[in-house]
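Worksheet: one structure, shown below.
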Amino acid sequence: MEYVVEMRDIRKEFVGIVANDNITLTVRPGEIHALLGENGAGKSTLMSILFGLYQPDSGKIFIRGQEVKITNPNVANELGIGMVHQHFKLVHNFTVTENIILGLEPQRFGTVHTKAASARIRDLSRHYGLNVDPDAKIEDVSVGMQQRVEILKMLYRNAEVLIFDEPTAVLTPQEITELMKIMKNLVAEGKSIILITHKLKEIKAVADRCTVIRRGKYVGVVDVATTSEQKMAEMMVGRQVSFTVPKGEYRPGEVLLKVEDLTVLNHARLAALKEFSLSVHAGEIVGVAGVDGNGQTELVEAITGLRKAEAGHIWLDGQEITHLSVRQRIDAGLAHVPEDRQKRGLVLDYSLEDNIILEIYGRKPFAKRRLLNRPAIRQYAQEVMRHFDVRSAQGTVTAARSLSGGNQQKAIIGREISLNPRVLIAVQPTRGLDVGSIEYIHKRLVAQRDAGFAVLLVSLELDEILNLSDRIAVISHGELIGTVSAAETNEIKIGLMMAGVGKEGQEA
Amino acid sequence: MNFHKQKEVITLLATILLGLIAGALFMLFAGHDPLTGYKFLFRGGLMSLERVGNTLATATPLIFTGLSVAFAFKTGLFNIGAAGQMLFGGFCATAVGLTLPLDKPVLLLVMALVAMLAGALWAALPGWFKARFNVHEVVSTIMFNWIAYWLVYYFVPLYFKGSFETESRNIPLEASLRTPWLSQMFDGSYINIGLLLALAAVVLCAFLLQRTTLGFELKAVGFNRFAAEYAGIHAGRSIVVSMMLAGALAGLGGMTLYCGYATNIQIGILPSQGIDGIAVALLGANSPWGVLAAALFFGTLYSGKGFMNAMTSIPPEIADTIIATIIYFAATSVLIEKFLDRLWRKQQSKEGA
Amino acid sequence: GCSGKQDTKAPAAGNLMVGMVTDAGTIDDKSFNQGTWEGIVKAGKDFGFTPKYLRPNGTTEADYDKEIANLHDAGYSLIITPGFKFENSIFTAQEKYADTKFVLLDGVPHPGNDYSKVKVGPNTVSINFAEHEAGFVAGVAAALQIKTGEFGFIGGMEIPAVQRFNWGFQQGVAYANAKLGTKITLKAENVIYQGTFNDVAAGQQLAAQMYDKGVNVIFAAAGGVGVGVINEAVARTKAGHPVWVIGVDVDQYAQGYYDTDKTKSVILTSAVKCVDQASYDMVKNLKEGTFPGGKTLTFNAKNNGVGIPATNPNLKEDVISKVKEVFADIQNGKITVADKGDGLIR
Amino acid sequence: MWVILQQIAPYAVAYMIPLLVTALGGLYSERSGVVNIGLEGLMVVGSFAGALTIATLQGSMPSEALWLGLLAATVAGALFSLLHAFASISLNANQVISGTAINMIAGALTVFIARNLTGSGNIQVASFTRFSVPGLSDLPVVGKLFFTNTYPTTWLVLFILLISYYVLYKTVFGLRLRACGEHPHAADAAGINVYRIRYLAVAISGALSGLGGAIILTTYSGEFNGTVFGLGFLALAALIFGQWKPLGILGATAFFGFASTIANVAQATPVLAKIPGVILKVFPYVITLLVLVLFSRSSQPPRASGEPFEHGKR
Ligand SMILES: Nc1ncnc2c1ncn2[C@@H]1O[C@H](COP(=O)(O)OP(=O)(O)OP(=O)(O)O)[C@@H](O)[C@H]1O
Ligand SMILES: Nc1ncnc2c1ncn2[C@@H]1O[C@H](COP(=O)(O)OP(=O)(O)OP(=O)(O)O)[C@@H](O)[C@H]1O
Ligand SMILES: [Mg+2]
Ligand SMILES: [Mg+2]
């Protein structure tokens, strides 16, 4: 048996878009096979087909040489295929055991018999070094632990082929190293792994072969050991890529944003941000690096006024804004590109023009005596769209919902920068975007800095932070671990700090 | 008209048509002739000037409650408490009408203000509970319905007792929305200037939602509370404001019911127009003009069903059944839309070919 | 009971169009609406027409007006309306539809709240009932049957007809205690208006309270609330703790069966007002050309328009004959029953 | 006060039981992720089906008629709820709108049919006989409170409560159902047919609501007349008041039962008669609001409740 998984000429069309256009993927037994492609290239779709969540429009799938029809996840399970999804599929108020056995519950007299199951889970956990407590509730355990629960779910189902969809996006560099070790353990036990990731370094580190797809089309499969990162990136994007953005000289000016001893509570009313201090100067980009869920959201929400500051102060351009409303802060010169563009950034059911004036509809000339002035709104929206290259089907009256992700994000960035803010806070500004859009948005952020304004960049992508920032503040468990100059640090150092190790090397 | 607007209107008409067809089937099953039934149903609502006036009068409170529900819906709230708001608003208006010795125009103005305020108060509290404490408005407005019910139940006999324990005194002519000129225009119908208020409310609501910054804010909160908060719109305040406006509309509807359609307020009755308002809003696709059309349609059915019952042996509940079926079809209009989409695509590909 | 001369069958001829508009509540409320309707139905059988009833959408004047107009426009020539709530509607309708005859039960046509402007049009008959006399007789009958015990009263809403039942009942019990040697107590806390005509659960709960406190007989003049009272009495009697109910409006004996053969009932007697008789008579009069338009009629003991059913297995022979005497005394004026609550509990 | 409590307990329980079983129905539905605001209408359907069955059968088989009536109500409720299931599960319609439509259709259609069958909208039927549980009713304190004058349906519903607790928390079906209400995509990925579970849950909610309606009919009301007096909505409130938990619902409905009974009998109870009636009447509603205000912040409705689910969507 040469291949354990063979997907031949898989095609999958959604309304208006071909997500997979005759893609072929072959996985050998005992290998780690990487799947590489831009956002939206069709990786998740392909894996969902392999896992039985979608049915291909055409194409064939062979598992261990047998042609199969994977009509639903149960069939996939029976074939020994398991998947860790990009977004974990765990029920928050169930225990680890309950989550793992969901769908094939051991029964005794009609009741769920968890005892035997949790014993088995404990064994599996020990065998693969996963260190999972079967009786813990999901909502009480860390993200890394949740991922290991997902892995256990597959192992519990005796999966032979394990699919990981962007498993590292939510992990610290240390947790990533840990995960890679686990993966190696797994292939050593004879399992096969399909790994989706955007990070070429990770592919280099663990994968044996790599299949590259672009815009739904198969580009090729390469032997990882003999292919350079640059080469893989070019295959993925289809042209030369520059990993760096040209920046002007670093000439920091006065302090425009100052955060002092800020303490903020999260939903559970625990301190998610503890006595955090930071300042951002005119003409600089300060990056906030940290693992997801370490207080970044609370920091940004406190600065923008979406969340109450429990203690501490915030100044904007010399004016204390700690207790101002969101709107007052916007009027004082604060702009915010939110983390979740569909949840926070846009009213999807509003037209593009209404979204573009979402914060300033009350200002002249857009409103006079509380009546909206449509012509003025439309004209302004057209300008913003032209400036920021926002493309839509019906101009300014297009519903925001029908825009592509990149255009949605460009509209938001355009809206925010058009506010002429003194301070721009950008959170994950390029998440889910293709390389072209990323380049464009990075250029815009740098332009904002070069024009002498302050930019606070919060991102989970270390590369992005390292590329754009002048200084980097590292946050862990709601505390500032340290601030370093971007020029004088590297990924490893930052990664250590993200794990909570101070820049001087001691535990913080 | 673009395809989407067209689709909306066609869906609405198809929904009504399907409801009427379902009604016809029910009649057939029960052994009646649907054509005769419908003939008398519509004649009952429309065959004379007086009946048209009565239909309009029946529709008047429905326009208000429909607007109330639709308005709240636009801002993401489900106002199931229009009944309580209209009862409380109508009660307070009646109380003023029975108490203050003022000239008709002034008195009516004061009553209308009081009705709106009372209705607004009755909706503001659930709104505040929702905004501040995350209490689901469906439950809280139901509770407020019953509280209004019992307050009116005890206060009417206590302070405004009429000939009997069960109802208030009749309101004086000065406090009535009925006017001789309008009644005469419609041959002695009990149509009243509440209708004019309702029409004004439709226009105002449409204007408010489409043209004003307030409407912009309220709709933004309704569509996406998180984005609205992000943009500096005070979502909690918007929820309260929107509930208050919805309550004010219902309260005014209460005044048109108790001081226009009726002549006094009776205890022990939660006005059915509250729940009917939900149906009106749904059928009217939550747009003010849609609400107007739906309320007039329902008014016709309600006011015509008695005549149908008098002329045939078809039970009048068929009208309610038709309305209910229409609402179900409105809820499942996705099917109709999908069907229209398919038709449209077919046509396009034909044109393309 | 209602012992009018119903046996005179007129020849079926002409198409009489008789319609009724119901008051709040349904056509088979086992009391007012139903009684009226049964009279009309019986007349329909006797005189060969199909009657029609309409149920208004609500209980406002406008809702009543609408249904009256519907019957009129559909060609009905006699429209019967039960309940004081129709007073204003009939006041306007009798002028507006001069070609139509109206019968208003339990009320007099007048505008607004103004009882000084009562006007019974030439095409209208207004019929009132001496409910207090019915209540009186029922009270006496129950007292005589029980002899020693405790009574209670549960009314629906506090409207005049219900009040008169209550007042008459209290006078009847007092009369029996004073003149006929019974020992019946009627405590103030056991004279209650529940406040609705439809809250079955509340009726049952209130009755249970009273029975628990030692009340043996409850007079329920309360529509659906009374249904709850009867349900409770049936439940208790079935469980071996017999208690009694006095029915209202019509003979409610059949409502109170507690055995499977449907012969035994918790209904001790009923305070009857002959609405069926009234509606039947009016149709008959119209048919015979003797419609007493413009008149206000009173159905009372004297004309056998109120009373208790002639028979009820729960009443002993001697009780029945004694009640007959009392009834005769009311008829001949030896006993007068006040239709006011002065000096009584509530 | 104790005496009063003892006296009213059987009636408070009688009032509470239909609420309890209906709220339990709502629990299944909401725990599977479908908001069911149509409980009121489903109760009406149950009341109607029960009344029709009992009225037809009580002549020929008087002892079985009542139970068959309950059975018919359960089946009818389940069938009727499929309308809601179809709209909200298969078509992803707005669940609140669909539920409202259910309420309206039930109210209108049942009376329409009843009118066609009986000439009026009413159907009257016999009621269950009350009994005191032998032995238990002699127990001190609780004997008088809970084991005297009980309807057989009370024990049936308490049994359903026990079963529901067991089903929801101990069985495979319950685990899957709760997963569908919290994270349907997790259930989907685990190979569970979310649509089927939700359909079943809604059907159960219909069955139990129908049963609730029929219990009103066969205990204290004795007639079908097209309404259940708003108890369906109250059951919905009890579900939220009870924090989507079987025991919470038991507490909430017991509270409603006792509060409303006290308000009803206050007039006939000298101690209570001093309190203005209006205060007693609004008491349950005001308390419910207070409780909701106090606990809604921290309350945890099923996360996916009210959200349409589409297979495969992420
Ligand atoms: N259910 C769906 N309906 C319509 N379009 C879809 C659906 N799922 C995915 N798509 C579209 O198909 C394309 C491929 O999506 P897919 O999620 O497979 O990309 P991906 O390579 O996994 O991207 P990412 O790196 O962001 O995870 C995208 O354009 C996406 O918008
Ligand atoms: N839910 C949706 N409804 C309507 N159209 C959609 C939807 N999702 C995606 N589309 C359309 O599908 C196309 C592809 O969407 P997608 O988000 O994958 O874009 P993309 O290829 O990632 O582009 P971009 O570079 O702008 O992000 C777009 O033209 C978009 O308008
Ligand atoms: Mg993906
Ligand atoms: Mg994209």
Which distance in Å, rounded to a whole number, links the C-alpha centroids of the stretch C:149-177 and the stretch D:201-240?
-> 35 Å
Over the stretch A:347-417, what is the relative contact order in whole percent, taking alpha-carbon pairs under 8 Å and six or more residues apart?
-> 40 percent
Backbone HN-Hα couplings from phi across the stretch B:186-191 [Karplus 6.51/-1.76/1.60, Hz, Gly and Pro as x] | 10, 6, x, 6, 8, 4
Under a 5 Å amide H to amide H cut-off, with H placed in plane at 1.01 Å, what residues pair with D:Thr171 once short-range neighbours are removed?
-> A:Val112
Could you list D:Val291, C:Val243 in order of exposure, starting from the residue whose Cβ has the fewest other Cβ atoms within 10 Å?
-> D:Val291, C:Val243
Cα-based count: Lys pairs in chain B below 30 Å, eight or more positions apart or different chains?
-> 20
Assign unit charges at the C-beta atoms only (+1 for Lys and Arg, -1 for Asp and Glu), then state the dipole size of the protein assembly as shown relative to its Cα centre in Debye, rounded to the nearest 20.
-> 880 debye
Cα-based shape type of the stretch D:191-314, given that a ≥ b ≥ c are square roots of the gyration tensor eigenvalues and the cut on a/c is 1.5 = oblate
Measuring from the longest principal axis of the C-alpha atoms of chain D, the long axis of helix D:277-295 (C-alpha) lies at a number of degrees, nearest 10, equal to 30 degrees
Between C:Glu325 and C:Thr148, what FRET efficiency follows from the Cβ-Cβ distance if R0 is 22 Å, with the result rounded to 0.05?
-> 0.55
Gap in Å between the Cα centre of the stretch A:439-508 and the Cα centre of the stretch D:294-309?
-> 37 Å
Label points 7 Å out from Cα along the Cβ direction at A:Asn74 and A:Asn373: separation in nm?
-> 6.4 nm
Long-range amide H partners of C:Val191 with built H, under 5 Å | C:Phe153
Using alpha-carbon coordinates, inclination of helix D:152-170 to the longest axis of chain D, degrees | 30 degrees
Ordered by residue, what ³J(HN,Hα) values in Hz, to whole numbers, does the stretch C:341-346 give under the Karplus form 6.51 cos²θ - 1.76 cosθ + 1.60, where θ = phi - 60° and Gly and Pro are x?
-> x, 4, x, 9, 5, 6
Which of the listed residues, A:Ile163, A:Asn185, A:Met145, is farthest toward the dipole's positive end in the stretch A:114-198, when Lys, Arg count +1 and Asp, Glu count -1 at the beta-carbon?
-> A:Asn185
Report the equivalent ellipsoid semi-axes for the stretch A:347-417 in whole Å, largest first, defined as the square roots of five times the eigenvalues of the gyration tensor built from alpha carbon atoms.
-> 20, 12, 10
Quick one: grab the alpha carbon gyration tensor of the stretch D:18-163, order the square roots of its eigenvalues as a ≥ b ≥ c, and give me rounded if a/c is under 1.5, else prolate or oblate depending on whether a/b is larger than b/c.
-> oblate
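Pick out the long, greasy-scoring helices in chain B: whole DSSP H runs spanning 30 Å or more along their own axis by Cα, mean Kyte-Doolittle at least -0.5.
B:3-29, B:49-74, B:104-133, B:137-159, B:235-256, B:288-311
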Straight-distance crosslink candidates among lysines, where the alpha carbon sits under 20 Å from A:Lys410 and sequence neighbours closer than 8 are dropped | A:Lys343, A:Lys443
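May I ask for the net charge around C:Ala338, where only other residues with Cβ less than 11 Å from the Cβ of C:Ala338 are counted and Lys, Arg are +1 while Asp, Glu are -1?
On the way: positive: C:Arg164, C:Lys340; negative: C:Glu133, C:Asp339, C:Asp342.
After counting each charged neighbour, the total is -1.
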So what's the Cα pair-distance distribution over the stretch B:53-288, bin width 10 Å, in %?
-> 9, 34, 35, 17, 5, 0
Computed from the beta carbon distance with a Förster radius of 35 Å, FRET efficiency for A:Lys231 and A:Thr177 to the nearest 0.05 stands at 0.90
Would you work out which of B:Val334, C:Gly214, D:Ala49 lies farthest towards the positive end of the dipole of the protein assembly as shown? Charges go on Cβ: Lys and Arg +1, Asp and Glu -1.
-> B:Val334
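Exposure proxy check: B:Trp181, C:Trp244, D:Trp67, B:Trp289 ranked by fewest other beta carbons within 10 Å? Walk me through the intermediate numbers first.
Values: B:Trp181 7, C:Trp244 25, D:Trp67 18, B:Trp289 13.
In increasing order of surrounding Cβ atoms, one gets B:Trp181, B:Trp289, D:Trp67, C:Trp244.
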Given H placed on each backbone N at 1.01 Å, which residues far from A:Val84 in sequence or on other chains put an amide H within less than 5 Å of it?
-> A:Ile163, A:Phe164, A:Asp165
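Give me the percent relative contact order of the stretch A:5-237, please, defined on Cα pairs under 8 angstrom at least 6 residues apart.
Details: 436 pairs, mean separation 67.5, N = 233.
Normalised by residue count, the contact order of the stretch A:5-237 is 29 percent.
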Percent of Cα-Cα distances greater than 67 Å, calculated over the protein assembly as shown = 21 percent
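Rounded to the nearest 20 Debye, what is the dipole magnitude of the stretch C:245-346 about its Cα centre when Lys and Arg each give +1 and Asp and Glu each give -1 at the C-beta? Walk me through the intermediate numbers first.
Numbers: 13 positive and 13 negative charges, 46 e Å.
Roughly 220 debye, rounded to the nearest 20.
Starting with the fewest neighbours, write out C:Asp106, C:Asp114, C:Asp99 ranked by other beta-carbon atoms found within 10 Å of each beta-carbon. Don't skip to the end; give the middle numbers.
Working: C:Asp106 25, C:Asp114 12, C:Asp99 7.
Ordered from fewest to most neighbouring Cβ atoms within 10 Å, C:Asp106, C:Asp114, C:Asp99 come out as C:Asp99, C:Asp114, C:Asp106.
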Would you calculate the separation in nanometres between label points at B:Gln210 and A:Asp57, each defined as 7 Å from the Cα along the Cα-to-beta-carbon direction?
-> 4.0 nm
Please report how far the C-alpha centroid of the stretch C:250-301 lies from that of the stretch B:197-226, rounded to the nearest whole angstrom.
-> 58 Å
Relative contact order of chain D (C-alpha contacts under 8 Å, at least 6 apart) in percent is 36 percent
For the stretch A:137-149, take each phi angle, set θ = phi - 60°, evaluate the Karplus expression 6.51 cos²θ - 1.76 cosθ + 1.60, and give the result in whole Hz per residue in order, putting x for glycine and proline.
-> 7, 4, 5, 9, 10, 6, 4, x, 5, 4, 5, 5, 4
Tally Lys/Arg at +1 and Asp/Glu at -1 over every other residue whose Cβ is under 12 Å from the Cβ of A:Thr111; what's the total?
-> +2
What residue among B:Phe91, B:Gly188, B:His136 has its Cα farthest toward the positive end of the dipole of the stretch B:69-191, where the charges are +1 on Lys, Arg and -1 on Asp, Glu, each on the Cβ?
-> B:His136
With charges set only on the Cβ (+1 for Lys and Arg, -1 for Asp and Glu), what does the dipole of chain B come to about its Cα centre, in debye to the nearest 20?
-> 760 debye
Given the convex hull of the Cα atoms of chain A, what is a quarter of its surface area in nm²?
-> 26.0 nm²
Hey, with R₀ at 60 Å, roughly what FRET efficiency would D:Val286 and D:Ser90 work out to, going by the Cβ-Cβ distance, to 0.05?
-> 0.90
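First select every other residue whose beta carbon is under 11 angstrom from the beta carbon of C:Ala130; then total the charges, Lys and Arg +1, Asp and Glu -1. Display every interim value, and only then the final one.
Working: positive: C:Arg164, C:Lys273, C:Lys302; negative: C:Glu131, C:Glu133, C:Asp339.
Combined, the nearby Lys, Arg, Asp and Glu give 0.
Quick note: the coordinates plus some simple rules give every number you see, no bench work behind them. Only a predicted model underlies this, so the values are computations on that prediction, with no experimental measurement involved. Note that we place each Cβ from the backbone using ideal geometry, even for glycine, and neighbour counts take in every protein chain shown.
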